[in-house]
1. Sorted from shortest, what are the nm distances separating the label point of B:N7 from equivalent points in the other copies, each placed 7 Å from Cα along Cα to C-beta?
2. Using helices alone, I'd like the mean residue ellipticity at 222 nm for the protein assembly as shown: each DSSP H run of four-plus residues gives -39500 (n - 2.57), total over residue count, nearest 500.
3. For A:A89, place a label point 7 Å out from Cα along the Cα→Cβ vector, do the same in each other copy, and report the separations in nm, one decimal, smallest first.
4. Amide H of A:Y13: which non-local residues (sequence gap of 5 or more, or other chain) have their own amide H closer than 5 Å, using H built in the peptide plane?
5. Given a 1.4 Å probe and heavy atoms of the protein chains only, how would you sort A:L47, B:L58, largest accessible area at the top?
6. Over what distance in Å are the Cα centres of the stretch A:60-93 and the stretch B:84-109 separated?
7. Over all distinct alpha-carbon pairs, what is the Kirkwood Rh of the protein assembly as shown in angstrom?
8. Excluding ligands and nucleic acids, what accessible area in Å² is computed for B:T38 using a 1.4 Å probe, to the nearest 10?
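The values are calculated or read from the model by the stated rules, or taken from the named source; none is laboratory data. Please read all numbers here as calculations on a predicted model, not as lab measurements. Ideal geometry is used to build each Cβ from the backbone, glycine not excepted, and the neighbour counts take in all protein chains shown. All accessible areas refer to the heavy atoms of the entire protein, side chains included, with ligands and DNA or RNA removed. Shrake-Rupley method; radii C 1.70, N 1.55, O 1.52, S 1.80 Å.
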2 protein chains.
Amino acid sequence: MTNGFANTPEPPYLAVIFTSRRTPGDEGYGAMAAEMETLAAAQPGYLGIESARGADGLGITVSYWRDEESVRAWKAVARHRAAQAAGRAQWYEHFEVRVARVERAYGGP
Amino acid sequence: MTNGFANTPEPPYLAVIFTSRRTPGDEGYGAMAAEMETLAAAQPGYLGIESARGADGLGITVSYWRDEESVRAWKAVARHRAAQAAGRAQWYEHFEVRVARVERAYGGP
């Protein structure tokens with residue numbers, strides 16, 4: 001990640017688009033989010049991550065992966081499963097996950 | 001769009017992931033962004049949009065489209081082309097565009 005941008009290779013690769021609205025207060029969320037970013041980066045097939053959350057509480061995190069196998073393996077990592085459970089129980093008012101295959105990409109200016 | 005979330009149908013559909021870092025100052029950006037959201041929503045094949053920008057200036061906007069044809073048609077709309085040119089010239093320090101096919105999706109909690 002450079003300056004917040006994921007340094008992804010040429011497509012195709014996978015993108016997991018995670019859109020979420022946080023509940024009020026931190027409640028351990030910040031520490032967990034940092035730990036998950038570090039842990040994700042150590043997984044096989046990890047290509048990068050981009051994340052933004054506005055003052056209104058809506059956030060979008062996109063993680064990039066080599067293939068379906070690496071997406072599913074990351075979802076099943078024990079520590080990540082615990083974070084997912086805590087997210088459902090207390091951190092997220094609502095979330096949407098979309099798994100997508102990146103077909104083309106370009107940058108600018 | 002409800003509460004910031006796009007109300008997308010069952011996959012498959014396309015996602016255009018636009019990650020950007022803004023230059024300092026507004027310089028007409030806010031008005032253009034609002035106009036583009038309204039204009040996009042009127043295009044054939046538009047399914048929704050989600051957007052977040054953090055205090056650090058990094059933003060992610062994901063727009064959802066029925067098919068490749070609607071993605072390309074939106075990119076070619078004259079007023080949108082003018083906004084793209086202004087974005088390259090002054091609003092964005094850097095941006096990345098990734099066009100992806102959403103294969104599966106789920107929400108929670």
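1. Nearest to farthest, the other copies are at 4.3 nm.
2. Rounded to the nearest 500, it is -8500 deg cm²/dmol.
3. 5.5
4. So A:Y13 has HN proximity to A:V102.
5. A:L47, B:L58
6. When both Cα centres are located, 21 Å separates them.
7. After inverting the mean inverse Cα-Cα distance, the result is 17.7 Å.
8. 100 Å²
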